[in-house]
Amino acid sequence: MTPVFLVLLLMTAVPLISICTHGLYIVFIKSVCCAAAEILIHGDIAPSLTKNAVPCTATGCKWPKSGRYVYVPVFISSAYSKQHERDIIIKGLVSFHSSTCIRFVWWKPENRDYLYFMSKTGCWSHLGRQNGGQIVSLQKGGCVYHKTVQHEILHALGFHHEQVRSDRDQYVQILNENIQEGKEHNFRKEQTNNLETSYDFTSVMHYSRNAFSKNGQPTIVAKSNANLIFGYASEMSANDIARVNKLYGCW
Ligand SMILES: [Zn+2]
């Protein structure tokens, strides 16, 4: 048992049970879990499993709160190496425990909705809670980094990319002429709930200024400073944390 694992055990308010990764439980997960969502919207966001076009916040995609905490069951694929990749994922999960009222707990058979961390192709997640379990893909060898774990978890908690915020036009200019063919949808503005937080270039949910560029030129430019570099956050910003706390009523 690693120190990080111990921290997870200690910081959750309900007992965690150890689960079998090679027996019946894994069969159960495969039978209820979503099909691999290879068609992605907004770069790394998989379509809703229910194909519901209504904005996430209006369809109950938040995870339910029970008392002071929001318990989110998780299952981590045994394909990740125990000493390294698994610890990085657990560290990312635990980082929410120390700053928000989200509490990740180990999946149990009676949990209908849960996050299933597995190594599919690429780094991606669904937006908000889906019905019946949902994959968070962190591909081995390319996605198992602290910032990426936090980024994909934030999607699963209901958060969109910063540069598609409903008020983004006040802060950034999208340079369509530099965007790769077929990637324009990644920059489509969304009707987001900004929770009275300011636009945040340091958000772990912000793309870089050259994201999906076809010619090395910027695709996103800050209106306040055309030379501003952004999109390289190593972890959640204070705003990212505040939004989780606001959306889930942690305070
Ligand atoms: Zn993303």
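The values are calculated or read from the model by the stated rules, or taken from the named source; none is laboratory data. Since the structure is predicted, the reported quantities are computational estimates derived from the model, not experimental observations. Here Cβ is always computed from backbone atoms with ideal geometry, including for glycine, and neighbour counts include all displayed protein chains. Ligands, DNA and RNA are stripped out before the accessible areas are found, and what is left, the full protein with its side chains, is counted by its heavy atoms. Shrake-Rupley method; radii C 1.70, N 1.55, O 1.52, S 1.80 Å.
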Yes or no: Gln173 farther than 23 Å from Lys246 by Cα, away from the ligand (no atom under 13 Å from the Cβ), open to solvent by 60 Å² or more (accessible area, probe 1.4 Å) and outside the structural domain of Tyr232 (by TED's automatic domain parsing)? no
Here the qualifying pairs (Cβ atoms under 8 Å; residues six or more apart or on different chains; first in segment 226-251 and closer than 21 Å to Ala211 by Cβ; second open to solvent by 80 Å² or more (accessible area, probe 1.4 Å)) come out as Phe230/Thr202; Ala233/Lys147; Ala233/Thr202; Ser234/Lys147; Glu235/Lys147; Ser237/Thr202; Asn239/Thr202
(1) touching a Phe, Trp or Tyr at 6+ places or on another chain (Cβ under 8 Å); (2) open to solvent by less than 20 Å² (accessible area, probe 1.4 Å); (3) not assigned by TED's automatic domain parsing to the domain that holds Ile76 all hold for Ser203 apart from (1)
Do we have His161 as under 30 Å from Ala226 (Cα atoms), within 13 Å of the ligand (Cβ to nearest atom) and either open to solvent by less than 20 Å² (accessible area, probe 1.4 Å) or of a type outside the set (S, T, N, Q) (or both) here?
yes
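Can you name the residue in segment 57-89 that is aromatic (Phe, Trp, Tyr) and assigned to a loop (DSSP other than H, G, I, E, B) and, of all such residues, is farthest from His155 (Cα to Cα)?
Tyr80
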Expected single match for closer than 19 Å to Met205 by Cβ, at pLDDT below 95 and crowded, with 18+ Cβ neighbours inside 10 Å among Ser137, Ser95, Ser48 is Ser48
Conditions (1) touching a strand residue (DSSP E or B) at 6+ places or on another chain (Cβ under 9 Å); (2) over 30 Å from Glu85 (Cβ atoms); (3) more than 16 Å from the ligand (Cβ to nearest atom) -> Phe187 fails only (3)
